[in-house]
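Take a look at the structure set out below.
Readers should treat all values here as calculations from the given coordinates under stated rules, not as data from a laboratory. A quick note: this is a predicted structure, and the numbers were derived from the prediction, not measured. For neighbour counting, all protein chains shown are included, and Cβ atoms are generated from backbone atoms with ideal geometry for every residue, glycine included.
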Amino acid sequence: MKKYHILILTALSFFLFSSCNEKDVWKPLFNGKDLTGWTPRGNAVWTVENGVMVGRSEKGHGHIYADPVLTDLEVKGMFRITDQGGGANSGLYFRANPPKDNPDGYPEGYEAQICHNQKAFTGWLWKPGRPTGKATKMITKDGEWFSMRVRAVGPDIKIWVNDQLVMTYKDDEYEKGHFAIQCHNPGMTIEAKELYYKDLSKN
C-alpha cells in the first residue's frame, strides 16, 4: 500500500510540474519547410528557401501573419535584412491584426522594428505610423543575422536584440492579435528562421 501511495504522489507531482511549466515551453512558429500556419497580405512575395522564410517585394509593402492569436506572449527568432537598392525596412509584429477596411494595409498592433538606416532603428517599439519606445543602442546592420526576442505581458513590453535588453516600455493600446513579419520597401529582402513563441496568458 505504501508503494502504491508513493506511485500516485509521484505521478501527481509530475502532472502538476508539467502543468505549471507548460507556459515555459517554446512552441515552433515556423516549420522550416513551407508556409503552413502563415497568411500573406499585401504585395510582398513569401517563400521558404533552405529552411529560411524569405520576403521580397517589387511593388510595395507586404506582411505575413502567423495563425496564433495571443494576449500575453513571448516570441523569438533570427532575422536578416538586405538592402538591394530600395532601403531595407522590416519588423516583427505582435498583438497585431490586419485592418478591417484594408487587410493588405499596415497591421494594427505593435512592431519590434528591424531597420538600420533611420533614427528609430532595430529594437525600437513602433505603433502604426510612429516610433513609440526608444531602443538604447543599435547593434545590428544590413546583411548580418541577429536574434530578436519580445516579451509582452499586460502593458509591460520588452525587446532584446542579440540577447541584450534594448527597449522597455509600458503601453496597453493593443491587447490581442497575431505575430507578423514585414517586408516594407521594394527592392529589399527579409529573412527569418528559428521562430518560436510562448503563450503566457493566464487563461
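With each run of n ≥ 4 DSSP H residues scored as -39500 (n - 2.57), what mean residue ellipticity at 222 nm is computed for the chain after dividing by its residue count and rounding to the nearest 500 deg cm²/dmol? The partial results should precede the final answer.
Details: 1 runs with 19 residues, N = 203.
Taking each H run of at least 4 residues, the total per residue is -3000 deg cm²/dmol.
What's the ranking of 178-188, 47-57, 110-120 by average number of surrounding C-beta atoms within 10 Å, highest first?
Working: 178-188: 22.8, 47-57: 16.0, 110-120: 20.5.
My ranking of the peptides, most packed first, is 178-188, 110-120, 47-57.
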Next on the checklist: Viscosity 1.306 mPa s, temperature 10 °C: what is the translational diffusion coefficient of segment 62-113 from Stokes-Einstein with a Kirkwood Rh over Cα pairs, rounded to a whole number of µm²/s?
Outcome noted: 125
Next on the checklist: Compute the helix-to-body angle for 2-20: its Cα long axis versus the longest principal axis of the chain, expressed 0 to 90° and rounded to tens.
Outcome noted: 20
Item to check | Potential extension, GLN84-THR47 segment - 0.36 nm per residue separation minus Cα distance | outcome: 11.6 nm
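Which peptide among 63-70, 36-43, 90-97 comes first, and what is the full order, when sorted by highest mean count of other Cβ atoms within 10 Å?
Working: 63-70: 19.6, 36-43: 16.4, 90-97: 24.6.
Highest mean packing first, the order is 90-97, 63-70, 36-43.
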Checklist entry - For segment 26-199, what is the convex hull (Cα atoms) projected area averaged across all directions, in square nanometres? => result 8.7
Item to check | Above-threshold pairs, the threshold being 28 Å between Cα atoms, out of LYS119/LYS158; LYS27/LYS202; LYS59/LYS158 | outcome: LYS59/LYS158
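With Cβ to Cβ distances under 10 Å as the rule, what net charge do the other residues near PRO155 carry (K, R +1; D, E -1)? Before the final figure, lay out the partial values.
Working: positive: LYS170; negative: ASP156, ASP171, ASP172, GLU173, GLU175.
Local net charge: -4.
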